[in-house]
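Just so you know, all these numbers are worked out from the coordinates, no wet-lab data involved. Since we're looking at a predicted model, the values are computed, not measured. Glycine gets a Cβ as well: all are built from the backbone with ideal geometry, and neighbour counts include every protein chain shown.
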Amino acid sequence: MYKTKFVGHFPFKHTQRELAQYYTLYRDLMAYWHSVLPNDIVDCSYEDVVMSSQKTMRRVFDFCGLPWTDESLKFYENKRPVTTASTLQVRQPVYQNAVGGWQRYESFLAELQNVLNEDTAGKSSPY
């Protein structure tokens, strides 16, 4: 969020507190949808996607009832225009060197972590 200049209105990016509060709203929203549609949502962590791409993608395809094709692993060869901040990323295979990258900035994220800790104190995982 703080390494890329995003175009558009993102009111939650101004402070770590706002970002953490926005994230807790997302977690609450997903917990709601999991309670209403318990078998209709598949969750994938970033780490699963990059560390076990094919396994994770197959799980999503199966969940959606889609046939698997090995071409799905070559998304980076697609020539369609990309107009997002990830333009360069989608033109290369999945890479793992960003996993844990946040740790380089951990000493600067105390406010964010405090808000997230306050929100999760005494709570179990929403899903």
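Directionally averaged projected area (the chain, Cα convex hull): 9.8 nm².
What value, in deg cm²/dmol to 500, does the helix sum -39500 (n - 2.57) over DSSP H runs of n ≥ 4 give at 222 nm once divided by the residues of the chain?
-12500 deg cm²/dmol
Taking 0.36 nm per residue of separation and subtracting the current Cα-Cα distance, fully stretching the chain between Val99 and Ser72 would add 7.5 nm. In this simple spin-label model, placing a label point 7 Å from the Cα along the Cα-to-Cβ direction at both Phe6 and Phe63 gives a separation of 2.2 nm.
Taken as Cα centroids, the range 80-103 and the range 4-78 sit 14 Å apart, rounded to the nearest whole angstrom.
Within the chain, helices built from complete DSSP H runs that reach 18 Å or longer along their own axis (Cα positions) and carry a mean Kyte-Doolittle hydropathy of -1.0 or higher are 16-36.
Projecting the Cα positions of Leu29, Ser86, Gln96 onto the charge dipole of the chain (unit charges on Cβ atoms of Lys, Arg, Asp and Glu, taken about the Cα centre) puts Ser86 furthest along the positive direction.
Of the trypsin sites (Lys or Arg not before Pro) in the range 59-127, the ones in a loop by DSSP (not H, G, I, E or B) with at most 14 other beta carbons within 10 Å are Lys79, Lys123.
Give, to the nearest whole percent, the P(r) tail of the range 18-76 beyond 19 angstrom, counting all Cα pairs. Value for the range 18-76: 47 percent of Cα pairs lie more than 19 Å apart.
Listed cross-link partners Lys3/Lys79; Lys13/Lys74; Lys5/Lys55; Lys3/Lys74 are compared with a 29 Å cut-off, the Cα-Cα value being larger for Lys13/Lys74; Lys5/Lys55. Under a no-solvent Debye model with one identical scatterer per Cα of the range 50-105, what's log10 I(q)/I(0) at q = 0.22, 0.26, 0.31 Å⁻¹? Once normalised to I(0) and log-transformed, intensities are -1.01, -1.11, -1.18. With each label modelled as a point 7 angstrom along the Cα→C-beta vector, the Gln92-Ser52 pair spans 2.5 nm.
The value of relative contact order for the range 38-127, using C-alpha pairs under 8 Å at least six residues apart, is 22 percent.
Dipole check for the chain: with +1 at the C-beta of Lys and Arg, -1 at the C-beta of Asp and Glu, and the Cα centre as origin, the magnitude is about 480 Debye.
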